[in-house]
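The structure appears right after this line, and notes come after that.
The values are calculated or read from the model by the stated rules, or taken from the named source; none is laboratory data. Quantities reported herein were computed from a predicted structural model and do not represent experimental measurements. Methodologically, a virtual Cβ is constructed for each residue, glycine included, from the backbone with ideal geometry; neighbour enumeration extends over all protein chains shown. Heads up: the accessible areas ignore ligands, DNA and RNA and are worked out on the full protein's heavy atoms, side chains in. Shrake-Rupley method; radii C 1.70, N 1.55, O 1.52, S 1.80 Å.
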Amino acid sequence: MTTYTIRHCAGIGDLLMFTPAFRGLKELDPEAQVHIATLRGYCAGAFDGLLAENPYVDGVSDVGESNGHMRQWLAAGDVKFFDLGRKCAQFEERYGPKNRTDLACDLLDVAPENRKPVLNLRPAEIAWAQGFCQDHYDMSGPVIGIVTDGSCDARRIPPLTVAEIAALALDARWEAVLMSRDAGFTIRQYAALVTQLTCLVTPDTGAMHVAGALDVPTVALFGPTDPESRMKYYPRCTAITADVMLEHDAVNVMQATGGVIHGEL
């Protein structure tokens, strides 16, 4: 039996984009074991939640607080080791952007036919989200989620633009829900809440990939990143690009959101 250990010390988005490659490993060898090795503290323990109910991942290992601990842990086992995050970054530095799912599949030499990210929620989690939203929001019309955080300033919607988007949503008689990972929800609760939205408005960050994996209609705001390298396999995601995030205009964002809601985009 082959054990594949995938070193992952990057973000939520990369992890979800890599999951089709894990599917490819299992299709290639159904008896293979696929383990994700990470360092303590990455994404506040979100990886366990994202990979729960994933039939293509057999475990997530917290191997300590440093790369030294990581090397000792890997040396102790008989594994095939892949550092996908680093290899993807090195490839892009040399050759330019490429979709992370395709790149991960190439690096692992697998070719899954289905390259949609894997994020499976339990029926009880969806039921909880439905109840929570009914109790806290007006669900009689469109419900727009607006992501207020991001992995870095270059991928974060400015607070003033967030406020303007929310105000325009309310003017349109849409329920506007501010979505923050700091609101006290687990990653799986957060994902379940995303499924209740009519449309998610988000920067190029983890929430976009959660929505893409769950087929939630999304308007994604991009700065310098090439949208094709991130959302190629998200057919319900519409990209709006600008040179920097500060240049995004709330009116344009809401026009795109309206187009998504009314099935025009």
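Summary of computed values
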{"read-out": "Nonlocal amide H pairs with ALA37, under 5 Å, H built at 1.01 Å", "value": "ILE6, ARG7, HIS8, SER61"}
{"read-out": "Phi to ³J(HN,Hα) by Karplus 6.51 cos²θ - 1.76 cosθ + 1.60 over segment 174-181, Hz, x for Gly, Pro", "value": "9, 6, 10, 10, 7, 9, 10, 5"}
{"read-out": "Solvent-accessible area, 1.4 Å probe, carbon plus sulfur percent, for segment 147-207", "value": "55"}
{"read-out": "Unit charges at the beta carbon, dipole of the chain: most positive-side option, VAL34, THR205, THR241", "value": "VAL34"}
{"read-out": "Where GluC sites (Glu not before Pro) fall in DSSP loop in segment 180-265, at most 13 other Cβ within 10 Å", "value": "GLU264"}
{"read-out": "Computed over the chain, Kirkwood Rh from alpha-carbon pairs, angstrom", "value": "19.2"}
{"read-out": "Surface accessible to a 1.4 Å probe, per residue, for the residues of the chain, Å²", "value": "47"}
{"read-out": "Descending principal axes extents, segment 88-168, alpha-carbon based, whole Å", "value": "47, 37, 18"}
